[in-house]
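Notes to accompany the following structure.
What follows draws every value from the coordinates through simple rules; no lab data is involved. Source: prediction; values computed, not measured. So basically every Cβ, Gly included, is an ideal-geometry build from the backbone, and we count neighbours across all protein chains shown.
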Amino acid sequence: MKVSKNIVRCISCDLSCQLFPESSLRSHYCDYASFAIWPNGNHFLQLAVENKILRENKNHLSRGFIFVDFSLPNLRHFSDPQWIDRLAKANMNIVIITDRKLAPLANYWFTHRSEIQGIIHADDNDKILQEKIKSLFSGRSVNDKRGNTLNEAEMTLLHQFMSGAGLQQIIKTSSIDIKKIYVHKLRLERKLGASIHKILVSVL
């Protein structure tokens with residue numbers, strides 16, 4: 001059975017109650033703040049969150065946390081602005097866990113959406129990670145934008161590519177000068193560290 005990527009499930013215990021889009025009955029009576037990883041399916045990330053974050057830290061907030069898996073296989077989700085709108089409805093704190101390639105995209109969303117409480121980098125050492133988690137679990141945001149940030153033009157172009165549009169189609173339907181489109185594409189590829197072709201192949 002295929003699991004919907006829009007479903008958010010709690011990882012606080014083995015029951016794995018659904019939190020969003022509809023919460024399981026038991027989750028209404030649970031004494032613990034809920035924690036989730038979205039999109040689900042990354043077993044290694046879930047183990048890391050459980051062992052490095054949840055077991056070693058106490059959440060002092062009544063609201064739980066959604067840790068968002070900003071890795072290349074999930075890129076299609078994050079080029080579409082609706083992902084943050086959907087998660088915000090779960091009424092949980094949102095924290096991005098990003099790999100190096102998608103850090104510029106994570107920085108873009110952190111800059112543009114106040115619902116995101118912070119960014120954790122996949123290569124943060126234990127000391128930095130624990131400092132970030134203590135801040136987040138105390139209600140403080142973590143402003144740790146590292147490296148480049150996508151701008152609006154690059155974000156729009158990425159969304160078009162991820163939606164299936166080819167370069168020539170984008171050129172035909174855009175009011176922007178062709179040279180500027182090529183410049184935006186080149187800068188986008190530099191920030192993401194790979195050509196659009198390689199990125200598209202890797203997320204298929």
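Points worth noting:
- In the chain, the DSSP-assigned H stretches of four residues or longer account for a calculated mean residue ellipticity at 222 nm of -11000 deg cm²/dmol, using -39500 (n - 2.57) per stretch and the full residue count as denominator.
- Estimated inter-spin distance, residue 82 and residue 14, nm [label 7 Å along Cα→Cβ]: 3.7 nm
- Taking Cα atoms only, the orientation of helix 103-112 departs from the longest principal axis of the chain by about 80 degrees.
- For residue 175 and residue 43, the difference between the fully extended length at 0.36 nm per residue and the C-alpha to C-alpha distance is 43.2 nm.
- Relative to the current alpha-carbon distance between residue 55 and residue 114, full extension at 0.36 nm per residue lengthens the span by 18.5 nm.
- Extension reserve of the residue 168-residue 126 stretch, reckoned as 0.36 nm per residue once the Cα distance is removed: 10.5 nm
- Burial order of peptide ranges 85-91, 153-159, 127-133 (average beta-carbon count within 10 Å, highest first): 153-159, 127-133, 85-91
- If you bin all the Cα-Cα distances of the range 141-204 at 5 Å, starting from zero, the percentages per bin are 3, 16, 27, 25, 15, 7, 4, 2, 0.
- The chain: angle of helix 126-136 to the longest principal axis, Cα-based, in degrees nearest 10: 80 degrees
- Per the Cα gyration tensor, the chain maps to an equivalent ellipsoid with semi-axes of 33, 19, 14 Å, ordered largest to smallest.
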